[in-house]
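The values are calculated or read from the model by the stated rules, or taken from the named source; none is laboratory data. What you see is a predicted model; the values in this text were computed from it and never measured. Please note: Cβ atoms are built from the backbone with ideal geometry, for glycine as well, and neighbour counts cover all protein chains shown. The area values use the complete protein model at the heavy-atom level, side chains included, leaving out ligands, DNA and RNA. Shrake-Rupley method; radii C 1.70, N 1.55, O 1.52, S 1.80 Å.
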Amino acid sequence: QVQLVQSGGGLVQPGGSLRLSCVGSGDEFSTYNINWYRRPPGMQRVQIAHIGVDNSTTYSRPVKGRFTIFRDNAKNTAYLQMNDLKPEDTADYYCRADRGYYVYWGQGTQVTVSS
């Protein structure tokens, strides 16, 4: 079992940057794929970034080139570096760890992009 604790959200101006963190505890963090999802106001939660156990990464089209997902297994932490933020990036952000049938979610963190 893995417990995920997120941090790093907040209010930022358009064009700014934020880094979200997702710290895992309990099981071997390095054996889990990590995904970041977001849920804009009034919309469904969607996946935006993925990093595999082999550090391979994929991104959704709206964030590709602006967001970077990476992990530090020695710290049991995954990150989402968000640059050139836009108002449409405003959402609740969630990290998710999965390994086979096992899926765990972070508690979510709010990101607001506004001037």
- Message: Restricting to region 100-109, name every residue that is open to solvent by 50 Å² or more (accessible area, probe 1.4 Å) and either in contact with a Gly (Cβ under 9 Å, 6 or more places away or on another chain) or under 16 Å from Gln6 (Cβ atoms) (or both).
- Response: Val103, Trp105, Gln107
- Query: From the list Val2, Val63, which residue is hydrophobic (A, V, I, L, M, F, W, C) and more than 15 Å from the chain's Cα centre (by Cα)?
  - Reply: Val2
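Gly9: of a type outside the set (D, E, K, R), modelled with pLDDT under 95 and under 24 Å from Asp84 (Cα atoms), yes or no?
Numbers: of a type outside the set (D, E, K, R): yes; modelled with pLDDT under 95: yes; under 24 Å from Asp84 (Cα atoms): yes.
Answer is yes for this residue.
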- Output the residue which, of all residues in region 1-30 that are in a loop (DSSP other than H, G, I, E, B) and closer than 13 Å to Arg96 by Cα, is least open to solvent (accessible area, probe 1.4 Å). Val2
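Just to verify a result, which residue in region 77-99, among those that are assigned to a loop (DSSP other than H, G, I, E, B) and open to solvent by less than 50 Å² (accessible area, probe 1.4 Å), is farthest from Met43 (Cα to Cα)?
Here is the first cut: in region 77-99, the ones assigned to a loop (DSSP other than H, G, I, E, B) are 83-86, 90.
Going one step further and asking which of them are open to solvent by less than 50 Å² (accessible area, probe 1.4 Å), we end up with 85, 90.
Numbers: Leu85: 19, Thr90: 11 Å.
Taking the candidates together, the pick is Leu85.
Looking at region 100-115 only, could you name the residues that are among the hydroxyl-bearing types (Ser, Thr, Tyr) and either assigned to a strand (DSSP E or B) or within 22 Å of Pro14 (Cβ to Cβ) (or both)?
Our first condition is that a residue be among the hydroxyl-bearing types (Ser, Thr, Tyr); within region 100-115, this holds for 101-102, 104, 109, 112, 114-115.
Scanning region 100-115 gives Tyr102, Tyr104, Thr109, Thr112, Ser114, Ser115.
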